[in-house]
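Participant: Pasting a structure here, questions to come.
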Amino acid sequence: MSEQRYGEWVAVRRDGFVAELVLDRPKAMNAVSSEMARSIAAACAALSEDRDVRAVVLTSTHERAFCVGADLKERNSLTDAEMLRHRPVSRAAYSGVLELPMPAIAAVHGYALGGGFELALSCDVIVADPTAVVGLPEVSVGVIPGGGGTQLLPRRVGAARAAELIFSARRVAAAEAHALGLVDRLTAEGEDRAGALELARGIAANSPVGVRAAKKALRLGQGLDLRAGLEVEDAAWRTVAFSGDRAEGVAAFNEKRPANWPGE
């Protein structure tokens with residue numbers, strides 16, 4: 001396994017075709033400062049360009065928190081002008097995770113609140129253990145979810161449920177979060193990272209060309225009517241139908257052997 005640091009508080013660990021994007025600011029429960037936001041964006045930019053990465057798992061080194069959201073101590077010290085300058089930096093961190101071309105899986109334990117939950121929502125799948133507590137409490141401190149929460153949450157749970165959760169600012173424990181669809185898989189306590197990595201390794205065993213095209217079709221098709229969505233799907237199909245991965249996949253199936261994906 002290899003590791004590369006992005007600033008003081010973010011690391012990327014590589015193990016085969018799976019990369020782990022690690023939030024590592026334990027003294028602040030991974031509160032996202034300007035510096036940390038830049039590091040997340042930089043790590044995501046590098047991962048997006050790496051054709052050997054087939055799945056990403058977003059994890060935390062803190063025992064009791066995934067991420068508690070924005071660094072409110074830093075925010076309290078900013079002038080209005082500094083807040084405006086900070087906004088693109090913050091957005092780049094969340095969009096960096098959201099726009100990863102390969103599947104991204106969040107491994108959540110403890111608190112995932114505000115921007116922390118938005119980082120998880122920016123992933124394709126959320127795996128959580130029973131200690132997880134999620135929520136978007138921004139209106140309780142006079143702001144709104146600004147890392148994609150007002151758009152990503154209703155796409156998961158519907159407009160009315162998202163409105164109730166955002167307007168009430170309430171925190172949701174793991175069992176209810178799973179029942180509502182706020183998280184996708186529950187593991188045993190302390191097993192969220194292992195469960196997410198296991199899922200990532202299973203994804204990485206499939207065609208990287210096919211998986212990336214499927215993710216693109218899923219994302220671009222959201223919100224479209226069925227006819228338009230099927231055109232998005234057809235365009236994605238055309239990108240894989242004549243690929244080396246498709247040829248290898250068919251050959252491996254017929255020859256009853258594991259595929260050796262060329263990734264092109």
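The values are calculated or read from the model by the stated rules, or taken from the named source; none is laboratory data. Quick caveat: nothing in here was measured; it's all calculated off a predicted structure. Here the Cβ positions follow ideal geometry from the backbone for every residue, glycine too, while neighbour counts run over all protein chains shown. We work out accessible area using only protein heavy atoms, side chains counted, and drop any ligands, DNA or RNA first. Shrake-Rupley method; radii C 1.70, N 1.55, O 1.52, S 1.80 Å.
Participant: Can you give me the number of residues within segment 95-118 that are among the hydrophobic types (A, V, I, L, M, F, W, C) and open to solvent by 20 Å² or more (accessible area, probe 1.4 Å)?
Facilitator: So the count comes out to 1.
Participant: Here are Val53, Val32, Val18, Val12: which of them is closer than 19 Å to Arg212 by Cβ and in contact (Cβ under 8 Å) with a residue 60 or more places away in the chain? Explain how you work it out, then say what you get.
Facilitator: Working: Val53 fails: in contact (Cβ under 8 Å) with a residue 60 or more places away in the chain; Val32 fails: closer than 19 Å to Arg212 by Cβ; Val12 fails: in contact (Cβ under 8 Å) with a residue 60 or more places away in the chain.
One residue alone meets the criteria, Val18.
Participant: Take Val133 and tell me if it is among the hydrophobic types (A, V, I, L, M, F, W, C) and either within 24 Å of Arg185 (Cβ to Cβ) or without any contact (Cβ under 8 Å) to a residue 24 or more places away in the chain (or both). Can you show your working first?
Facilitator: Working: among the hydrophobic types (A, V, I, L, M, F, W, C): yes; either within 24 Å of Arg185 (Cβ to Cβ) or without any contact (Cβ under 8 Å) to a residue 24 or more places away in the chain (or both): yes.
Against the criterion (among the hydrophobic types (A, V, I, L, M, F, W, C) and either within 24 Å of Arg185 (Cβ to Cβ) or without any contact (Cβ under 8 Å) to a residue 24 or more places away in the chain (or both)), Val133 qualifies.
Participant: Can you confirm whether segment 160-171 contains a residue that is open to solvent by 80 Å² or more (accessible area, probe 1.4 Å) and under 11 Å from Val134 (Cβ atoms)?
Facilitator: Checked segment 160-171: at least one residue is open to solvent by 80 Å² or more (accessible area, probe 1.4 Å) and under 11 Å from Val134 (Cβ atoms).
Participant: What is the residue count in segment 229-264 for residues that are surrounded by 14 or more Cβ atoms within 10 Å (Cβ to Cβ), without any contact (Cβ under 8 Å) to a residue 12 or more places away in the chain and outside any helix (DSSP H, G or I)?
Facilitator: Qualifying residue count for the region: 0.
Participant: Are there any helices (runs of 4 or more DSSP H) wholly within segment 1-113 with 2 or more residues that are over 24 Å from Pro130 (Cβ atoms) and at pLDDT below 95, and if so which?
Facilitator: 72-76, 80-98
Participant: What are the residues in segment 177-218 that are polar (S, T, N, Q) and surrounded by fewer than 20 Cβ atoms within 10 Å (Cβ to Cβ), if any?
Facilitator: Selection gives Asn206 alone.
Participant: In addition: Residue check: is Ala174 buried (at least 17 other Cβ atoms within 10 Å of the Cβ), closer than 25 Å to Pro101 by Cα and hydrophobic (A, V, I, L, M, F, W, C)? Can you show your working first?
Facilitator: Details: buried (at least 17 other Cβ atoms within 10 Å of the Cβ): yes; closer than 25 Å to Pro101 by Cα: no; hydrophobic (A, V, I, L, M, F, W, C): yes.
In short, no.
Participant: Going through Ala196, Ala214 one at a time, which residue ends up being part of a helix (DSSP H, G or I) and either among the polar types (S, T, N, Q) or in contact (Cβ under 8 Å) with a residue 60 or more places away in the chain (or both)? If you could, list the steps in order and put the result at the bottom.
Facilitator: Values: Ala214 fails: either among the polar types (S, T, N, Q) or in contact (Cβ under 8 Å) with a residue 60 or more places away in the chain (or both).
Result: Ala196 is the single residue among Ala196, Ala214 that is part of a helix (DSSP H, G or I) and either among the polar types (S, T, N, Q) or in contact (Cβ under 8 Å) with a residue 60 or more places away in the chain (or both).
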